[in-house]
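Asks: For reference, the structure I am asking about is given below.
The values are calculated or read from the model by the stated rules, or taken from the named source; none is laboratory data. Just so it is clear, the model here is predicted, and its values are computed rather than measured. So basically every Cβ, Gly included, is an ideal-geometry build from the backbone, and we count neighbours across all protein chains shown. Just the protein is used for accessible areas: all its heavy atoms, side chains included, with ligands, DNA and RNA removed. Shrake-Rupley method; radii C 1.70, N 1.55, O 1.52, S 1.80 Å.
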Amino acid sequence: MIIVKSREEIELMRESALIVSKTLGMIASEIKEGVTTLYLDKLAEEFIRDHGAEPSFLGLYGFPNSLCMSPNAQVVHGIPNNKPLESGDVISVDCGAYKNGYHGDHAYSFEIGEVAPETKKLLQITKESLYIGIRELRLGNRVEDVGNAIQKYTEAHGYGVVRELVGHGVGQKMHEDPEMPNYGKKGRGKLFVEGMVVAIEPMINQGTRNIKQHKDGWTITTADGKPSAHFEHDVAIIDGKPEILSTFAYVYKALGIVSTEEDEFRRVPLVI
């Protein structure tokens with residue numbers, strides 16, 4: 001059952017989402033060659049708590065850390081460790097924050113040093129597919145309209161769309177209805193309603209769409225060992241249209257990137 005949020009609840013969710021966005025912005029300033037993911041995880045936990053929130057992922061279903069950090073062929077759910085990042089790596093950083101009774105959930109894939117052109121393109125196309133999917137989150141559409149848009153765009157570039165892992169509703173629980181797959185057929189799935197909030201998160205592989213889960217019970221990698229990319233936003237339906245509650249603006253500020261990609265999904269300009 002889709003849990004509809006009031007405008008007041010959506011604003012509380014926006015606050016949680018922006019704590020995650022600020023955390024990712026802090027990570028963007030610290031992530032580089034030679035740094036360990038465990039060090040970044042510790043920084044993130046402290047940052048989230050300093051902003052009056054709790055790390056959503058820490059202890060969730062038994063997960064041992066505050067960030068899911070998934071480099072290269074890891075798709076999602078990577079456990080932070082003491083292995084230093086290397087130039088050429090790409091890494092998905094997925095973060096959650098819980099405040100005022102609501103979760104924020106948000107992810108960005110970072111480049112470390114000099115990344116291969118074909119891998120840079122994978123990240124670019126995956127991020128573009130996120131916004132292509134978000135445009136379909138509007139009244140009159142259905143769940144698989146979002147997935148179909150993401151699938152068509154990414155498969156047109158020869159990439160594999162992960163089937164076993166999906167986006168989801170978000171609210172007082174980290175994972176709510178509906179599931180939001182990154183593939184599907186237009187006109188199929190649950191009908192979108194005013195006030196729903198979902199996490200849309202394309203997980204796209206450079207090669208095969210097939211994945212494998214490792215013995216730690218968490219780490220998931222591509223079956224062929226090729227890189228994967230992952231980007232995620234929290235999005236609400238307000239006045240029938242999609243509005244992004246999270247932002248990459250803090251990441252872009254840290255990295256010196258200028259972007260207007262989120263502007264069409266905001267009723268009022270974001271002030272950071």
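Yes/no matrix, rows are residues, columns are (1) β-branched (Val, Ile, Thr); (2) over 30 Å from Glu30 (Cβ atoms); (3) touching a residue at least 60 places away in the same chain (Cβ under 8 Å):
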residue: Asp216; (1), (2), (3): no, no, yes
residue: Gly225; (1), (2), (3): no, no, yes
residue: His233; (1), (2), (3): no, no, yes
residue: Asp239; (1), (2), (3): no, yes, no
residue: Val251; (1), (2), (3): yes, no, yes
residue: Val258; (1), (2), (3): yes, no, no
residue: Ile272; (1), (2), (3): yes, no, no
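Asks: Quick test of your reading of the structure: Val146 fulfils all but one of (1) within 17 Å of the chain's Cα centre (by Cα); (2) open to solvent by 20 Å² or more (accessible area, probe 1.4 Å); (3) among the aliphatic types (A, V, I, L, M). Name the failing condition by number.
Replies: (2)
Asks: Another question, if that's okay. State all residues of the range 148-198 that are farther than 17 Å from Arg135 by Cβ and among the small types (Gly, Ala, Ser); if no residue qualifies, say none.
Replies: Across the range 148-198, the qualifying residues are Gly158, Gly160, Gly169, Gly171, Gly195.
Asks: Sticking with this structure for a sec: Which condition from (1) surrounded by fewer than 22 Cβ atoms within 10 Å (Cβ to Cβ); (2) hydrophobic (A, V, I, L, M, F, W, C); (3) in a loop (DSSP other than H, G, I, E, B); (4) out of contact with any Gly (no Cβ under 8 Å at 6 or more places or on another chain) is the one that Leu137 breaks?
Replies: (1)
Asks: Return the pair list, or none, for Cβ contacts closer than 9 Å from residues in the range 104-118 that are closer than 13 Å to Phe231 by Cα and of a type in the set (A, V, I, L, M, F, W, C) to residues that are in a strand (DSSP E or B) and modelled with pLDDT under 95, at least 6 apart or on different chains.
Replies: none
Asks: From Glu118, Glu128, which residue is surrounded by fewer than 21 Cβ atoms within 10 Å (Cβ to Cβ) and within 15 Å of the chain's Cα centre (by Cα)?
Replies: Glu128
Asks: Restricting attention to the range 58-91, and to residues there that are open to solvent by 40 Å² or more (accessible area, probe 1.4 Å) and part of a strand (DSSP E or B), which single residue is farthest from His175 (Cα to Cα)?
Replies: Pro84
Asks: Another one. Considering only residues of the range 246-272 that are under 11 Å from Ser21 (Cβ atoms) and open to solvent by 80 Å² or more (accessible area, probe 1.4 Å), which is nearest to the chain's Cα centre (by Cα)?
Replies: Lys253
Asks: Just to be sure I understand, how many residues within the range 167-208 are farther than 18 Å from Arg14 by Cα, open to solvent by 40 Å² or more (accessible area, probe 1.4 Å) and under 15 Å from the mean Cα position of the chain (by Cα)?
Replies: Residues flagged as farther than 18 Å from Arg14 by Cα, open to solvent by 40 Å² or more (accessible area, probe 1.4 Å) and under 15 Å from the mean Cα position of the chain (by Cα) within the range 167-208 amount to 1.
Asks: Output the residues belonging to the range 108-145 that are under 16 Å from Pro178 (Cα atoms) and out of contact with any Leu (no Cβ under 6 Å at 6 or more places or on another chain).
Replies: Gly133, Ile134, Glu136, Leu137, Arg138, Leu139, Gly140, Asn141, Val143, Glu144, Asp145
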